[in-house]
Amino acid sequence: MSLPRAVGATAVLICVMLAGCIDSTGGSDEVGARPDAGPTHPEALLLDDELPGLVVEIDFVEGYGPSQVALDALRATLEEVTRKNPIDVVVDEPSPAPDGPRTDERLADFARSVLDHRGEQPFTWQDRGVLHVVYVDGERADGAARGVYLSSHEGTVFLFPDTWAGQAPVVSVPGLPVDGPSETDVERHVLIHELGHALGLVDCGIPMVQDRLDREGPPCHSTNDASVMYVGYHDVTDDPLWWADRETQGPAWRFDEGDLEDIRAFQAQSA
Ligand SMILES: [Zn+2]
């Protein structure tokens, strides 16, 4: 069966790099592009008229399952921003690791092979929007990353826990913890960051009410360091901001007011 493609032939990738930046080989304007059939991913996740429910399917390679901290943050964030009812977060049984290097094509094939909630359109299943999250062992072959959102391929978020396992603290900041972020802190940050890309934040799928797009770094990132979408988080292993979130003293994991305002405006305009 041939499925409609979410974007053109060029894959669009948005990721949190290991110590680098975003990777967008296709240009940011394609992020959130309208698929041949059905809603865009932000529409499927944020609007509720035709797709009242939401299902998040989480698949993982054996030994790489999600933490409860990250799952709780994901659910709380989705409940805050989507207005969907019901929201089901389904954690599947573990899968055997895929073979070979983790190229984006191979990752996408793996995601398709484990995705149960797959409808006729790229981002929907029955009367629900779909978010697919896959935890994979090893590292991404097409540019090291902690996480990546592939806007094509059913809009899947991939996380690579091996890239942050055992991550050592790099600098010590007076008044802040010196141990660096915990693994669950990093996981939560990466998961919500990639969710932000799936939602089309920062001019990559839904319009910005207040312009805060960083135009010097990788596309689709914010100039505001209070947001999990802050551009600086892409190059931060030696940056105190990495664990200087105002509330948690860990990596930021929340959308800021600008992000939330964009989501509300998008929903109001489409109501
Ligand atoms: Zn990013």
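Scanning segment 220-229 for residues that are within 9 Å of the ligand (Cβ to nearest atom) and over 12 Å from Phe255 (Cβ atoms) returns Cys220, His221. Of all the residues in segment 40-72, those that are part of a helix (DSSP H, G or I) and within 21 Å of Pro207 (Cβ to Cβ) number 6.
Here Arg146, Arg75, Arg106 are screened, and the one residue that is part of a helix (DSSP H, G or I), charged (D, E, K, R) and crowded, with 16+ Cβ neighbours inside 10 Å is Arg106. Arg106: closer than 27 Å to Ala144 by Cα and among the basic types (Lys, Arg), yes or no? Judged against the criteria, Arg106 is a match.
Laboratory data are not the source of any read-out in this text; all were calculated from the coordinates shown. Since the structure is predicted, the reported quantities are computational estimates derived from the model, not experimental observations. Reconstructed Cβ throughout: ideal geometry from the backbone, glycine too, with neighbour counts over all protein chains shown.
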